[in-house]
Amino acid sequence: MEFLFQDLNEEALSTLLEIQEEAFAHLENPDFLRRNSEDMLLSCLRPPHVCIGAYHKNTLAGFAILYFGEDSEENLGKLLSFSTESLFSAANIKLVIVRPAFQGHGLQRTLMLMLESRAKQRGISTLLSTVAPDNRFSRQNMIRAGYQSQGLYQKYGGLTRELFLKEI
Ligand SMILES: CC(C)(COP(=O)(O)OP(=O)(O)OC[C@H]1O[C@@H](n2cnc3c(N)ncnc32)[C@H](O)[C@@H]1OP(=O)(O)O)[C@@H](O)C(=O)NCCC(=O)NCCS
C-alpha cells in the first residue's frame, strides 16, 4: 500500500477528532488511549508542534504528533526530574494513531522515524513517550524503534503508563 506523508495543519482538526473516535471504538481496552480534547489537538496542529499525516489516496490513514512541552507539565521529562535545560532538549511523541483499515504497514514506526528527524533538526536530543503497558502493538513498535523503558508511572488521573526514552 502506498502512502504519502504530509505535515498537517489546523484544517485537519476535524479529521483527527474523527480518527481518535474511530480508534476508541476499536480499542481492545479503553485505557490504552487518553482522549485528547479538541483544544489540545488544535494546539498540536500549530507551531512549534509537528503533526505528520500518512495519506492513502485521499484518506488520512494515520498521524503522529511531536510535542514540545518545554518547561510545562506536559513535558514527560518532568517524570524523570529533568533540569530546565534538559526539558528544553526533550520532546514528546505525544500521540500516534493508525486507522484500523491501514494497520499492519509499519506506519507507527515510519511516522515516529520522521518525527525523530524533525526533532533532531530542532535541536532535540531526547524523545519521550508513554504507552499503556498492555498495548502490545505500540509497545513493540517503541522497543523496535530503539526506545528504552524507564519503568511504570501513574499518569492521567490514575492510569498506569510505561515511559519510554530514546536519545537521538
Ligand atoms: C499502535 C498502532 C499505531 C500500530 O499501528 P501500525 O503501525 O499500523 O502497526 P504495525 O504495522 O506495527 O502492525 C504490526 C502487526 O500488528 C497488527 N496490529 C497493529 N495494530 C493493531 C490493533 N490495534 N489491533 C489488532 N492488530 C493490530 C497489524 O495488523 C500487524 O499484523 P501482521 O503483522 O499480522 O500484519 C495502532 O494499533 C493504533 O493506532 N492503535 C490505537 C491507538 C494507539 O494505541 N496508539 C498508540 C498509543 S499513543
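Observations, loosely collected:
- In the stretch 4-167, the C-alpha radius of gyration followed by the widest Cα-Cα span (Dmax) gives 14.7, 44 angstrom.
- Taking other Cβ atoms within 10 Å as a rough exposure proxy, Ile143, Ile124, Ile93 sort from fewest to most as Ile143, Ile124, Ile93.
- Taking amide hydrogens as placed 1.01 Å from N in the peptide plane, the amide H of Gly62 sits under 5 Å from those of Ala54, Arg99, each at least 5 positions away in sequence or on another chain.
- Couplings for the stretch 158-168, taken from phi via the Karplus curve 6.51 cos²θ - 1.76 cosθ + 1.60 with θ = phi - 60°, read x, 7, 8, 10, 8, 8, 10, 9, 9, 7, 10 Hz in order; Gly and Pro are left as x.
- Once the Cα atoms are used to define both axes, helix 13-26 deviates from the longest principal axis of the chain by about 90 degrees.
- Gain on full stretching of the segment that runs from Gln121 to Lys78 - 0.36 nm per residue minus C-alpha separation: 13.2 nm
- Highest mean packing first, where packing is the average number of other Cβ atoms within 10 Å per residue, the peptides 158-164, 81-87, 50-56 line up as 50-56, 158-164, 81-87.
- Listed residues His56, Ala23, Asn36: farthest to the positive end of the dipole of the stretch 13-59 (Cβ charges): His56
- Residues Phe68, Phe88, sorted so that the one with the fewest Cβ neighbours within 10 Å comes first: Phe88, Phe68
- In range of the label at Met40: residues from the stretch 90-124 whose backbone nitrogen is under 18 Å from the point 7 Å along Cα→Cβ: 91-98
- Near Thr160, once Lys and Arg are set to +1 and Asp and Glu to -1 for all other residues with Cβ below 13 Å from its Cβ, the sum equals +1.
- In this Cβ point-charge picture (+1 for Lys and Arg, -1 for Asp and Glu), the stretch 67-168 has a dipole of about 460 debye about its Cα centre.
- Near the amide H of Asn135, within less than 5 Å, lie no amide hydrogens of residues on another chain or at least 5 residues away, with H placed in the peptide plane.
- Tilt relative to the chain, helix 107-121 - C-alpha long axis, 0 to 90 degrees, to 10: 50
- From helices alone, the chain scores -8500 deg cm²/dmol at 222 nm; the rule is -39500 (n - 2.57) for each run of n ≥ 4 DSSP H residues, then divide by the residue total.
- Burial ordering of Lys94, Lys57, fewest other beta-carbon atoms within 10 Å first: Lys57, Lys94
Taken together, the values in this text are just the output of simple stated rules run on the coordinates, not laboratory data. Quick caveat, the model's predicted, so the values are computed rather than measured. Here Cβ is always computed from backbone atoms with ideal geometry, including for glycine, and neighbour counts include all displayed protein chains.
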